[in-house]
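Enquirer: First the structure, which I've put down as structure tokens, then a few questions once you've had a look.
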Amino acid sequence: MDTIPATETLYHTDTRLFTFPSATLVAITPYTPQPTSQHTTLHQFHDLTWTQGEYALAFDKTIFHPFGGGQESDVGSASFPSSSPATTTFTVRQVRFHKPTGAIWHYGSFQPSPVDTTTLPHPGATCTLSIDPTIRIRNARLHSAGHLIDLAMIDLGLLATTPAPDSDSVPGAKPQESGSGANAKPGKGKSGFASGKGNHTPGDSWVEYDGKIPEGWLPPRDIGDRDAQPHISAQGHPQASPAADPAVDAANAAILAALAGAGGASAPTKGKGAKPSKAAKTPSLPPIDLPATLPGLLTVSLHRILRAHRDTTTSASVLSYTDAAALCGGSLPVYIPRSSAPRIVVLAPGAVGCPCGGTHVGSVGELWKEGAAEGRNSAVRVVEVTLKKGKLRIRYEVDEA
Ligand SMILES: [Zn+2]
């Protein structure tokens, strides 16, 4: 069983490949109550629920994204039209990736169940694979949103370089991969946060960052207007300094007030880029209240990024280690072997890349929401930010397509 060949990952080629008519069955195994020497592989997934009457199937190639990288597995079916006496349909309930062999296992049951075992397909049989497109798109949107939040964290100057720990994961993905910031450059060489774990499960989606607030950090005062036209005064004159976004202004004011209360920081400066005072760099000052200020800032930044890139397309390419590192800000996380050819996703042209085995939206424009309230057109909504013991966790939701 452990000699099953690596499965070709068709889900990497096209997020919207919902059906594939010519997969070949390479292995079929009925449920066994206990792992045996022959079936240890099939039982090794601690989060798998495999039950009596079910089977595990492997194909030469698959459109099913397995559970991993923080992304849920696809569900769907495999239809064997050549089986006797009639079409046999296998309902795929869970999918797992076996890292040592590269094989992807599909767990589920034949219909009708219990199946007449004399009609079961044999290795070599051809079948049509179909996934549930609603689940796929939902998962791709939730997963891509994690990357998008990484970009917003970079936009805000909070995300730094990250080597992440090694662990089992889906092909090409980092452990519970969280998004594009895996190798984001630290904010202007200062300390900051690094990408950590992420989870893109419906109802429990979050990305986590390890580290601390960069020294002297303030949100960029002009972030809400970076891409906007110059403002025109009531008298019709262009204003020298565009008005900043109220959400950013509020965040800056709160931060500066906290700093001033702790020993005196200067008042917010006018115009672009409020500079941190010397007091802001004093270690004894109270920490900036990121959980309070970050949701609003991220909302501004997510809107800004989507507005700028909503007509572009995402890309994912298998590259040489050197080329992959260049696309990811100059280095790759430690869990990527130097001998490997990582798959790198770039959410929008010019954005920092990220090694990733997940499925993504074809364009970040799919996460742009027309007609949203207050001009915030992101379908990605930050619902909570927490900062505990050096772990900044951003919980989010994504509106349905
Ligand atoms: Zn991804």
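Bear in mind these aren't lab numbers, they're just calculated from the coordinates by the rules spelled out. These figures come from a predicted structure and were not determined experimentally. So basically every Cβ, Gly included, is an ideal-geometry build from the backbone, and we count neighbours across all protein chains shown.
Enquirer: Suppose the filter is away from the ligand (no atom under 16 Å from the Cβ), of a type in the set (D, E, K, R) and either surrounded by fewer than 24 Cβ atoms within 10 Å (Cβ to Cβ) or not in a loop (DSSP other than H, G, I, E, B) (or both); does Glu366 pass it? Working first, answer last.
Expert: Working: away from the ligand (no atom under 16 Å from the Cβ): no; of a type in the set (D, E, K, R): yes; either surrounded by fewer than 24 Cβ atoms within 10 Å (Cβ to Cβ) or not in a loop (DSSP other than H, G, I, E, B) (or both): yes.
Criteria not met by Glu366.
Enquirer: A further question follows. Taking the condition surrounded by fewer than 17 Cβ atoms within 10 Å (Cβ to Cβ), within 16 Å of the ligand (Cβ to nearest atom) and of a type outside the set (Phe, Trp, Tyr), does Ser331 pass?
Expert: So Ser331 fails the test.
Enquirer: Filter region 112-150 for residues that are more than 16 Å from the ligand (Cβ to nearest atom) and crowded, with 23+ Cβ neighbours inside 10 Å; which is farthest from the chain's Cα centre (by Cα)?
Expert: Ranking the qualifying residues of region 112-150, first place goes to Cys127.
Enquirer: Surrounded by fewer than 22 Cβ atoms within 10 Å (Cβ to Cβ), in contact with a Pro (Cβ under 9 Å, 6 or more places away or on another chain), hydroxyl-bearing (Ser, Thr, Tyr) and assigned to a strand (DSSP E or B): is that true of Thr91 in this structure? Spell out how you get there, then give the answer.
Expert: Details: surrounded by fewer than 22 Cβ atoms within 10 Å (Cβ to Cβ): yes; in contact with a Pro (Cβ under 9 Å, 6 or more places away or on another chain): no; hydroxyl-bearing (Ser, Thr, Tyr): yes; assigned to a strand (DSSP E or B): yes.
No: the conditions fail for Thr91.
Enquirer: Here's something else I'd like to know. Exactly one condition in (1) of a type in the set (S, T, N, Q); (2) surrounded by 12 or more Cβ atoms within 10 Å (Cβ to Cβ); (3) free of Cβ contacts under 8 Å to residues at least 60 places away in the same chain; (4) farther than 15 Å from Ile104 by Cα is not met by Thr29; state its number.
Expert: The one condition Thr29 does not meet is (4).
Enquirer: Could you list, in sequence order, the residues of region 309-328 that are away from the ligand (no atom under 13 Å from the Cβ) and assigned to a loop (DSSP other than H, G, I, E, B)?
Expert: Selection gives Arg310, Asp311, Thr312, Thr313, Leu319, Ser320.
Enquirer: So, Thr89, is that one over 22 Å from Gly68 (Cβ atoms), of a type in the set (Ser, Thr, Tyr) and touching a residue at least 40 places away in the same chain (Cβ under 8 Å) or not? Walk me through how you get there before you give the answer.
Expert: Numbers: over 22 Å from Gly68 (Cβ atoms): yes; of a type in the set (Ser, Thr, Tyr): yes; touching a residue at least 40 places away in the same chain (Cβ under 8 Å): no.
Against the criterion (over 22 Å from Gly68 (Cβ atoms), of a type in the set (Ser, Thr, Tyr) and touching a residue at least 40 places away in the same chain (Cβ under 8 Å)), Thr89 does not qualify.
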